[in-house]
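A.B. asks: Dumping the structure here so I can ask a few things about it.
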Amino acid sequence: MTITLHNWKTDDKLVLMALCNAVDRTFLSDRLPYPYTEADADWWLGMVAGNDGKEGVWRAIAVDGQVVGSISVERMANKNRSVGSIGYMILTPFWSQGIGTEAVRQICGIAFQELALERIIGEVFPENLASARVLEKNGFRLEETKVGAVVKGGKAMDVRVYVKA
């Protein structure tokens with residue numbers, strides 16, 4: 001199994017739409033639209049094309065050439081410009097195969113180099129033990145738990161903040 005990250009391209013629109021409509025949203029941010037439309041894909045791919053390497057790094061996760069997920073590190077706003085925030089999603093049939101761990105390893109290297117970051121943070125719902133483990137395997141350490149910090153499905157949820165420096 002070969003796990004690679006590649007830049008999102010305009011001709012990835014249908015793959016992106018299929019991914020975003022099929023992914024398990026249990027532990028994802030509510031900012032990912034559903035259903036994920038062609039207009040959503042056009043906007044996002046345009047944003048990525050204009051900002052990759054400047055405000056963040058966004059990559060498709062591929063296993064043996066097949067896109068199975070997406071991963072990014074986005075630069076924080078204002079005073080936290082030297083800090084990036086990591087996020088990722090992988091299709092359920094590809095969970096628990098080491099794909100997330102390897103994708104996080106690769107994107108952190110890219111982000112630290114291209115964005116000149118000092119730290120990368122990952123926010124994880126306390127129930128998402130698998131994602132917390134992926135971050136820990138990549139040298140992230142639990143820094144704090146923010147109580148009621150994220151609203152998901154109209155409900156305030158806790159989030160654990162992991163940090164890699």
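The values are calculated or read from the model by the stated rules, or taken from the named source; none is laboratory data. Nothing here was measured: the structure is a model prediction, and the numbers come from that model. Calculation scope for accessible area: heavy atoms of the full protein, side chains included, ligands and nucleic acids excluded. Shrake-Rupley method; radii C 1.70, N 1.55, O 1.52, S 1.80 Å.
A.B. asks: Can you tell me which of 101, 26, 145 moves the most in a GNM of the chain? Springs connect C-alpha atoms under 10 Å apart.
C.D. replies: Checking each option, the largest mean-square fluctuation is seen for 26.
A.B. asks: What base-10 log of the normalised intensity I(q)/I(0) is obtained for segment 62-154 from the Debye formula, alpha carbons as equal point scatterers, at q = 0.14, 0.22 Å⁻¹?
C.D. replies: -0.55, -1.25
A.B. asks: For the chain, which whole percent of the accessible surface, found with a 1.4 angstrom probe, sits on carbon and sulfur atoms? Provide the component values of the computation, followed by the final result.
C.D. replies: Working: 4610 of 8770 Å².
Summing carbon and sulfur atoms, their accessible area is 53 percent of the total for the chain.
A.B. asks: What number, in percent, do you get for the relative contact order of segment 1-151 if the mean sequence gap of Cα pairs under 8 Å and at least 6 apart is divided by its residue count?
C.D. replies: Numbers: 210 pairs, mean separation 35.0, N = 151.
Rounded, it is 23 percent for segment 1-151.
A.B. asks: Follow-up question, since we're still on this one. Residues of the chain: accessible area per residue at 1.4 Å, in Å²? Intermediate results must be reported in sequence, preceding the final value.
C.D. replies: Values: 8770 Å² over 165 residues.
Accessible area per residue, the chain: 53 Å².
A.B. asks: Taking a threshold of 25 Å on the Cα-Cα distance, which of the pairs 9/79; 13/54; 79/155; 13/155 fall above it? Don't skip to the answer; put the middle values down first.
C.D. replies: Values: 9/79 31 Å; 13/54 22 Å; 79/155 28 Å; 13/155 31 Å.
Pairs exceeding 25 Å: 9/79; 79/155; 13/155.
A.B. asks: Something else: I need the phi-derived Karplus couplings for segment 132-146: 6.51 cos²θ - 1.76 cosθ + 1.60, θ = phi - 60°, integer Hz, Gly and Pro marked x.
C.D. replies: These are the phi-based 3J(HN,Hα) values: 4, 5, 4, 5, 4, 5, 9, x, 6, 10, 5, 9, 6, 10, 9 Hz.
A.B. asks: Moving on to the next point. When only alpha-carbon atoms are used, what values of Rg and Dmax, in angstrom, describe segment 7-51?
C.D. replies: Every Cα atom of segment 7-51 included, Rg and Dmax give 10.5, 30 Å.
A.B. asks: Roughly how much of residue 76 is accessible, in Å² to the nearest 10, using a 1.4 Å probe?
C.D. replies: Answer for residue 76: close to 60 Å² accessible.
A.B. asks: To the nearest 10 square angstrom, what accessible area does residue 11 show with a 1.4 Å probe?
C.D. replies: Taking all protein chains as shown, residue 11 has close to 120 Å².
A.B. asks: How big is segment 1-138 in terms of Cα radius of gyration and Dmax, in angstroms?
C.D. replies: That works out to 14.2, 41 Å for Rg and Dmax.
A.B. asks: Let me ask you something else. Could you give me the ³J(HN,Hα) list for segment 21-26, computed from phi with Karplus coefficients 6.51, -1.76, 1.60 and θ = phi - 60°, whole Hz, x at Gly and Pro?
C.D. replies: Those phi angles translate into 8, 9, 5, 5, 9, 3 Hz.
A.B. asks: Here's another thing I want to ask about it. Amide H of residue 53 versus every other amide H placed in the peptide plane: which residues, excluding those fewer than 5 positions away on the same chain, fall under 5 Å?
C.D. replies: The list, which skips near neighbours in sequence, is 58.
A.B. asks: How do 118, 136 rank by accessible surface area computed with a 1.4 Å probe, from largest to smallest?
C.D. replies: On the way: 118 125, 136 65 Å².
My answer, sorted largest first, is 118, 136.
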